[in-house]
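The values are calculated or read from the model by the stated rules, or taken from the named source; none is laboratory data. Predicted model only: the values in this text are computed from it and were never measured. Note: ideal-geometry Cβ built from the backbone for every residue, glycine included; neighbour counts use all protein chains shown.
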Amino acid sequence: MTTTVAIRGLPPGQGQKGRRDFLYLLAGATGAVGTAAAIWPLIDSMNPAADVLAVSSTEIDLAPIQVGQRITVMWRGNPVFIDRRTPEQIARARADDDDPDLIDPATDASRVKQGEWLIVVGVCTHLGCIPLGQKPGDPLGIWGGWFCPCHGSHYDTSGRIRKGPAPKNLTVPPYDFRDEAIVRIG
């Protein structure tokens with residue numbers, strides 16, 4: 001024998017249905033909140049860490065760099081070569097713009113924003129070695145740019161690959177000049 005209890009103002013049998021609907025709604029809401037709480041750490045882990053965000057861009061004061069001097073700065077864990085080129089280096093790079101022997105053709109003007117400043121990521125595009133040429137006395141390669149000691153790639157004064165197994169030119173990072181003496185990389 002089944003007994004139904006009437007809830008205030010509801011006909012017999014309607015009270016059970018209202019309770020069941022409430023329990024379904026409560027279980028669904030609990031499941032949704034639980035799912036969101038379980039998925040949030042996964043979504044949050046895809047955001048860059050604070051230390052990565054801190055080095056996503058860097059500003060360099062160019063004022064102390066002399067003509068013909070090269071410096072190395074770190075950006076996103078990679079060395080970046082900043083070269084204040086001499087008029088002779090610029091002329092040599094521009095003279096080679098139309099050379100049919102360029103492995104990865106690019107003009108000097110497409111690789112620099114201001115003629116005397118060349119800014120490239122200092123990682124060989126063959127297997128990731130650091131090319132030589134930043135320090136006085138380092139071998140500069142046949143074209144006076146950089147020489148990768150790992151497998152013999154030669155880069156010119158515009159960072160273009162001229163000889164060796166490297167398939168591409170040294171990468172030009174995103175950068176802009178804040179003023180005459182400050183450059184922001186990244």
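Summary of computed values
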{"read-out": "Cβ-Cβ under 6 Å pairs, at least 6 apart or on other chains, segment 90-109 side surrounded by fewer than 15 Cβ atoms within 10 Å (Cβ to Cβ), far side basic (K, R)", "value": "D104/K168"}
{"read-out": "Filter result for K113 (of a type outside the set (G, A, S) and closer than 28 Å to D179 by Cβ)", "value": "yes"}
{"read-out": "Of all residues making up segment 123-146, the number that are within 15 Å of Q89 (Cβ to Cβ) and not in a loop (DSSP other than H, G, I, E, B)", "value": "3"}
{"read-out": "Long-range neighbours under 7 Å by Cβ, at least six apart or interchain, first residue hydroxyl-bearing (S, T, Y) within segment 173-186, second surrounded by 13 or more Cβ atoms within 10 Å (Cβ to Cβ)", "value": "Y175/I119; Y175/V183; Y175/R184; Y175/I185"}
{"read-out": "Flag for T86 being of a type in the set (S, T, Y) and not assigned by TED's automatic domain parsing to the domain that holds R178", "value": "no"}
{"read-out": "Qualifying residues in segment 82-98 (those that are touching a Phe, Trp or Tyr at 6+ places or on another chain (Cβ under 8 Å) and not in a helix (DSSP H, G or I)) - the one nearest to T58 (Cα to Cα)", "value": "I82"}
{"read-out": "Residues of segment 166-186 satisfying the condition of being among the hydrophobic types (A, V, I, L, M, F, W, C) and surrounded by fewer than 19 Cβ atoms within 10 Å (Cβ to Cβ)", "value": "V172, F177, A181, I182"}
{"read-out": "Qualifying residue in segment 145-164 (condition: hydrophobic (A, V, I, L, M, F, W, C) and in contact with a helix residue (DSSP H, G or I) (Cβ under 9 Å, 6 or more places away or on another chain))", "value": "no"}
{"read-out": "Number of the exception - G141 against (1) within 29 Å of E59 (Cβ to Cβ); (2) touching a Leu at 6+ places or on another chain (Cβ under 9 Å); (3) small (G, A, S); (4) without any contact (Cβ under 8 Å) to a residue 60 or more places away in the chain", "value": "(1)"}
{"read-out": "Members of segment 116-165 that are under 26 Å from D179 (Cα atoms) and either surrounded by fewer than 21 Cβ atoms within 10 Å (Cβ to Cβ) or outside the structural domain of L62 (by TED's automatic domain parsing) (or both)", "value": "E116, W117, V121, Q134"}
{"read-out": "Members of segment 147-157 found to be in contact with a Pro (Cβ under 8 Å, 6 or more places away or on another chain) and either outside any loop (DSSP other than H, G, I, E, B) or under 18 Å from G68 (Cβ atoms) (or both), listed by number", "value": "F147, Y155"}
{"read-out": "D51 vs. criteria at pLDDT below 85 and part of a loop (DSSP other than H, G, I, E, B)", "value": "no"}
